[in-house]
Amino acid sequence: MCAMARPRKPLLSTDRIVETARVLVDAEGLAAVSTRRLAAELGVSGPSLYNHFRTKDEILEAVADSVSAQVDLSMFEDGREWRTALHDWAVSYRAALRDHPNIVPVLATGPGRRPAGLRLADAVYGAMVEAGWPPAQATSIGALMRYFVMGSALGSFAGGFVDDESAYDPADYPHLQQAHLLAEQQEKIDERAFETGLTALLDGLVQQYERVKRTV
């Protein structure tokens, strides 16, 4: 009688490590990630991780890049006008960060050597130069958009107000009588604020663009 084959564990791979680390970061934050914890989650010995990553920081860099890879870049390749492309890209970018807010501090350090992060920067810069922006201003636009989107993902404006009406004494805060209602409408308010800011930012860039074209 043949012995029954023992079930094989899934092979350890870079993708499995990154996915497991991303889930851990999403659930518990950056501090929860360690090689010991990841090894336990993956059901492997700690040293086996070093065949794929040398340090915890390398793992977090890979997690950050996996989030950048979720950002849609097709709008820079399908002929959309530059303002529309920037708008659609910013919405996709924010959605990726909103889904993975705990990795934002790592992303905020810049793309470094991360392939997806560099592709993102290349796509934005290239599209702006192709649209007629001078290279220096194209660089500034990329930085500006990154500041705006990243800042919107660092925290919730509406979620920063407590839902206790007594915290807003009219004698001290005469204009915050409805502030205790903000938290319960957090998503709606934050989305509206993002769109308001994005529209204002892009409208301002359109005015600058018109001045640039007149000087060419």
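The values are calculated or read from the model by the stated rules, or taken from the named source; none is laboratory data. Quick caveat, the model's predicted, so the values are computed rather than measured. Please note: Cβ atoms are built from the backbone with ideal geometry, for glycine as well, and neighbour counts cover all protein chains shown. Note: accessible area is taken over every heavy atom of the protein model, side chains too, but ligands, DNA and RNA are not part of it. Shrake-Rupley method; radii C 1.70, N 1.55, O 1.52, S 1.80 Å.
The single condition among (1) in a helix (DSSP H, G or I); (2) open to solvent by 40 Å² or more (accessible area, probe 1.4 Å) that VAL18 does not satisfy is (2).
Let me confirm something: among ALA95, ALA39, which residue is buried (at least 18 other Cβ atoms within 10 Å of the Cβ) and without any contact (Cβ under 8 Å) to a residue 40 or more places away in the chain?
On the way: ALA95 fails: buried (at least 18 other Cβ atoms within 10 Å of the Cβ).
Matching residue, one of ALA95, ALA39: ALA39.
Would you mind stating whether GLN177 is in a helix (DSSP H, G or I) and either exposed (fewer than 15 other Cβ atoms within 10 Å of the Cβ) or within 31 Å of the chain's Cα centre (by Cα) (or both)? Step through it out loud before you land on a result.
Working: in a helix (DSSP H, G or I): no; either exposed (fewer than 15 other Cβ atoms within 10 Å of the Cβ) or within 31 Å of the chain's Cα centre (by Cα) (or both): yes.
It is false that GLN177 is in a helix (DSSP H, G or I) and either exposed (fewer than 15 other Cβ atoms within 10 Å of the Cβ) or within 31 Å of the chain's Cα centre (by Cα) (or both).
Restricting attention to the stretch 86-123 and to residues that are under 12 Å from the mean Cα position of the chain (by Cα) and among the charged types (D, E, K, R), the residue that is farthest from ARG146 (Cα to Cα) turns out to be ASP99. Comparison of TYR168, TYR209 shows that the only residue that is in contact with a helix residue (DSSP H, G or I) (Cβ under 9 Å, 6 or more places away or on another chain), free of Cβ contacts under 8 Å to residues at least 24 places away in the same chain and open to solvent by less than 100 Å² (accessible area, probe 1.4 Å) is TYR168.
Of the helices (runs of 4 or more DSSP H) entirely within the stretch 71-139, those holding at least 2 residues that are farther than 28 Å from LYS188 by Cα occupy 115-131. Taking SER74, is it over 9 Å from the mean Cα position of the chain (by Cα) and without any contact (Cβ under 8 Å) to a residue 24 or more places away in the chain? In short, yes.
For PHE148, the conditions (1) part of a helix (DSSP H, G or I); (2) open to solvent by less than 40 Å² (accessible area, probe 1.4 Å); (3) closer than 30 Å to ASP57 by Cβ; (4) modelled with pLDDT of 95 or more all hold with the exception of (2).
Checking the condition hydroxyl-bearing (Ser, Thr, Tyr) and closer than 24 Å to THR199 by Cα, which residue from TYR93, TYR168 passes? Reasoning before the result, please.
Numbers: TYR168 fails: closer than 24 Å to THR199 by Cα.
Sole residue among the options that is hydroxyl-bearing (Ser, Thr, Tyr) and closer than 24 Å to THR199 by Cα: TYR93.
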